[in-house]
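Have a look at the structure below, then the notes.
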Amino acid sequence: MASQPLTQTTGRRKESVARARLRSGTGVVTVNGRTFDDYFPMATQRMVVAEALRVTSTETVYDVDASIHGGGVNGQAGALRMAIARSLVELDGELRPVLKKAGLLTRDSRRKESKKYGLKKARKAPQFTKR
């Protein structure tokens, strides 16, 4: 790691937790020590992660070093997107209205519904027999 991070923030989505450190650089993104394209193989996931940088036109201004744990790959992408958006606001408060309008600062609170006793899943009941 070259320089001291400018900012470090946390983003969450479903069961995933992402910590993003932004440094001034050329736009290199590393996740858990792996390259961006290696960690997020699907283009949609890469697009989700880079959305905050794209909306604010700062793709080539900052290097992002992230550590993510928990959840699945799509949840991790959403968590990292939020962490990057929060970092950008911390660095430059004038970006807040742009990111807020794009919906990148709002925590997506949807979670898996818990299983209920007597049922097979959260709402799925066992098959009913009349006779």
Residue that is farthest from residue 82 (Cα to Cα) [pool: residues in region 3-40 that are assigned to a loop (DSSP other than H, G, I, E, B) and free of Cβ contacts under 8 Å to residues at least 24 places away in the same chain]: 3
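Quick grid of which residues meet (1) among the polar types (S, T, N, Q); (2) surrounded by fewer than 19 Cβ atoms within 10 Å (Cβ to Cβ); (3) assigned to a loop (DSSP other than H, G, I, E, B):
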residue: 88; (1), (2), (3): no, no, no
residue: 98; (1), (2), (3): no, yes, no
residue: 117; (1), (2), (3): no, yes, yes
residue: 120; (1), (2), (3): no, yes, yes
Kindly evaluate residue 83 against the criterion of being in a helix (DSSP H, G or I) and at pLDDT below 95. no
Options 9, 60, 26: the member that is surrounded by 14 or more Cβ atoms within 10 Å (Cβ to Cβ), closer than 18 Å to residue 88 by Cβ and β-branched (Val, Ile, Thr): 9
Which ones in region 77-131 are closer than 19 Å to residue 61 by Cβ and of a type in the set (Gly, Ala, Ser)? 83, 85, 87, 93, 102
Tell me which of these residue 53 doesn't satisfy, since it passes every other one: (1) outside any strand (DSSP E or B); (2) surrounded by 14 or more Cβ atoms within 10 Å (Cβ to Cβ); (3) out of contact with any Phe, Trp or Tyr (no Cβ under 8 Å at 6 or more places or on another chain). (3)
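The values are calculated or read from the model by the stated rules, or taken from the named source; none is laboratory data. All of these numbers come straight from a predicted model, not from anything done at the bench. Here the Cβ is made from the backbone with ideal geometry for all residues, glycine too, and neighbour counts use every protein chain on show.
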